[in-house]
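Participant: Pasting in a structure now, in structure tokens, and then I'll have a few things to ask.
Read-outs throughout are calculated quantities, based only on the coordinates presented, and are distinct from any laboratory measurement. Just so it is clear, the model here is predicted, and its values are computed rather than measured. Heads up, the Cβs are rebuilt from the backbone with ideal geometry, glycines too, and the neighbour counts pull from every protein chain shown.
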Amino acid sequence: MKRYNTTSAEETKGLARQFCATIDGGQCICLYGDLGSGKTTFAQGLLESLGAEGPYTSPTFVIAKKYDLPTENSEGKSILRVYHIDAYRINADAMVELGWQDMIEDDRGVVIVEWPEQIASVLPAHAQTIDFKWVDENKRKICYNF
């Protein structure tokens with residue numbers, strides 16, 4: 001298990017940039033953690049690293065945002081799309097109706113899911129999980145095992 005402590009939004013985004021080097025398309029990345037634990041900040045760092053055009057806001061009310069990436073992004077990846085999902089307000093059936101299967105089968109895309117526990121029954125077996133813990137006002141603990 002890899003464990004990191006960050007003490008600012010910039011450090012959390014920096015960790016996302018490092019993590020970006022480990023992805024190459026076809027991944028489903030599940031971000032677990034309480035409100036304010038750094039999930040959206042981490043997702044913003046990933047989006048920025050992959051070359052998505054901002055602004056990078058949480059899709060809380062629209063549920064899903066799709067970012068089309070430049071053919072050659074800053075990391076030299078072959079990823080063409082990022083789907084950023086905020087599943088807080090929905091369930092698995094609603095996610096399926098929004099095109100979930102197409103998203104997770106897109107081998108040139110990456111799916112980032114905040115609040116994945118809300119749609120646990122439709123998460124792919126290969127989903128990667130990252131756990132975020134709010135330690136105090138400035139400190140976050142981020143753990144993943146892949």
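Participant: So, in nm, how far is label M1 from label K66 when the simple model puts each one 7 Å beyond its Cα toward the Cβ?
Facilitator: Each label point lies 7 Å from its Cα, and together they span 3.7 nm.
Participant: Based on the Cβ-Cβ distance from D93 to T129, what FRET efficiency comes out when R0 is 22 Å, to the nearest 0.05? Write down the numbers at each step before the final one.
Facilitator: Values: r = 22 Å, r/R0 = 1.00.
My answer for the efficiency is 0.50.
Participant: If the cut-off is 12 Å between C-alpha atoms, which aspartates and glutamates fall inside it for K141, apart from same-chain ones fewer than 8 positions away?
Facilitator: Straight-distance partners of K141: E11, D34, D131.
Participant: Under 18 Å Cα-Cα from K139, which lysines qualify once same-chain neighbours fewer than 8 residues away are excluded?
Facilitator: K2, K13, K39
Participant: Of all trypsin sites (Lys or Arg not before Pro) in the range 24-129, which ones are in loop regions per DSSP and have a Cβ with at most 12 other Cβ atoms within 10 Å? Spell out each step's value before the answer.
Facilitator: Values: sites: K39, K65, K66, K77, R81, R89, R108; in loops: K77, R89, R108.
Sparse-neighbourhood loop trypsin sites (Lys or Arg not before Pro): R89.
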